[in-house]
Ligand code: BTN
């Protein structure tokens, strides 16, 4: 059996034993290798960050695993039928969105590209997205058959999915238009939607989602840290990112199915319920102008409605939003 398979099997045996020691003899018999080989693999696993306790009398116990997403475990626990059928997992990438865009033409809908860290993570409006270890940096390839003008709806749908996943675990998440997820006013997730379209019809959408799951806030640059939080920071301990990812992909699939099968008004209602923006005074910068006023709603097309001081209504499909209250 290849080295990696042996290491995976040892981890799986120790996980299943749930803290009961397993002897080198027993592991060796299961894998058809000697006790000395088992010991060699255990030492290699320790180097990779697995905390394996050993006692000559009782055997090995797995105390903790490194904080890495486990793609194999993900497939075992994933409850989706489309999203995550194909997961491309990398230790490091320039940007998951860039890789997803490269593979999108030949990839099937629902493919997920995931990296433990990104060297060149991209945010909206050409900003840098700091992608340190402990976060979930992923891009989802979708191929909805929708006109290009409906693209912003997909971003709203993704925001709902992220906010719901966080709320299901007791984190009080709200959405800031168009696509930031905040907890107590601090950013926990950003979404970057990119598209390829022809003759006004969407070819594929790359939905880039960055979530500060177990990110250690001191690892973030000062100006980013000031306005950021993480799940670990909110609940007081790191969480299992593989289980969180499985819940997120499930919620994304539920929302995507609803988007394709139900009236958008239903989604608008839920978005408004989760919104941090509606009712606030905002300054929205679009590529052509700055609009100041009160955010009062979302249209059927997914645009933000802002009422300016002259009571003039502006429908904004894309832009950068700041609060002015
Ligand atoms: C923003 O709020 O500015 C959007 C941030 C989006 C970050 C994610 S991380 C995964 C994916 N890959 C990227 O390069 N960016 C997105």
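Over the chain, with a single point scatterer placed on each C-alpha, what log10 of the ratio I(q)/I(0) does the Debye formula yield at q = 0.11, 0.16 1/Å? Debye intensities relative to I(0), on a log10 scale: -0.74, -1.35.
Based solely on its DSSP helices, what 222 nm [θ] is calculated for the chain when runs of n ≥ 4 H residues each add -39,500 (n - 2.57) and the sum is averaged over all residues, nearest 500 deg cm²/dmol?
On the way: 10 runs with 109 residues, N = 325.
Theoretical 222 nm ellipticity from helices: -10000 deg cm²/dmol.
Put simply, the C-alpha atoms of region 218-325 give a gyration tensor, and the ellipsoid matching it has half-axes of 30, 23, 11 Å, longest first. Of 239, 267, 209, 141, the sequence from fewest to most neighbouring Cβ atoms within 10 angstrom is 239, 267, 141, 209. Label separation (residue 196 vs residue 43): 4.8 nm, computed from points 7 Å beyond Cα along the C-beta direction.
Averaged over all directions, how much area does the convex hull of the C-alpha atoms of region 136-233 cover when projected, in nm²? The partial results should precede the final answer.
Values: hull surface 26.0 nm².
That works out to 6.5 nm², a quarter of the Cα hull's surface.
Take every DSSP beta bridge with both residues inside the chain and express the antiparallel ones as a percent of the total, to the nearest 5. It would help to have the intermediate numbers written out before the result.
Details: 54 of 62 bridges.
If we restrict to bridges inside the chain, about 85 percent are antiparallel.
What is the extension gain from residue 310 to residue 30, computed as 0.36 nm multiplied by their sequence separation minus the C-alpha to C-alpha distance, in nm to one decimal? Don't jump to the answer; show the numbers that get you there.
Values: separation 280, 0.36 × 280 = 100.80 nm, distance 7.63 nm.
Length difference between fully extended and current span is 93.2 nm.
Between helix 241-261 and the chain there is an angle of about 40 degrees, using the helix long axis and the longest principal axis of the Cα atoms. Taking the convex hull of the alpha carbon positions in region 1-75 and averaging its projected area over all directions gives 4.8 nm². Using alpha carbons only, how many degrees (0 to 90, rounded to 10) separate the axis of helix 264-274 from the longest principal axis of the chain? Long axis of 264-274 versus the principal axis of the chain: about 70 degrees.
Against the empirical curve 2.2 N^0.38 Å, the C-alpha radius of gyration of region 280-323 lands at a ratio of 1.00. In a Debye calculation with equal point scatterers on the alpha-carbon sites of region 34-155 and no solvent, what is log10 I(q)/I(0) at q = 0.23 Å⁻¹? Normalising to I(0) and taking log10 leaves -1.33.
When only alpha carbons are used to place a centre, region 178-226 and region 91-139 end up 10 Å from one another. Of all the options 281, 85, 310, the one that moves most in a Gaussian network model of the chain with Cα springs shorter than 10 angstrom is 310. With respect to the chain, whose longest principal axis is taken over its alpha-carbon atoms, helix 3-16 is tilted by about 90°.
FYI, it's all coordinate maths here, none of it is from the lab. Just so you know, these numbers come straight off a predicted model, no measurement behind them. FYI the Cβ positions are ideal-geometry reconstructions off the backbone, even for glycines, and counts take in every protein chain you see.
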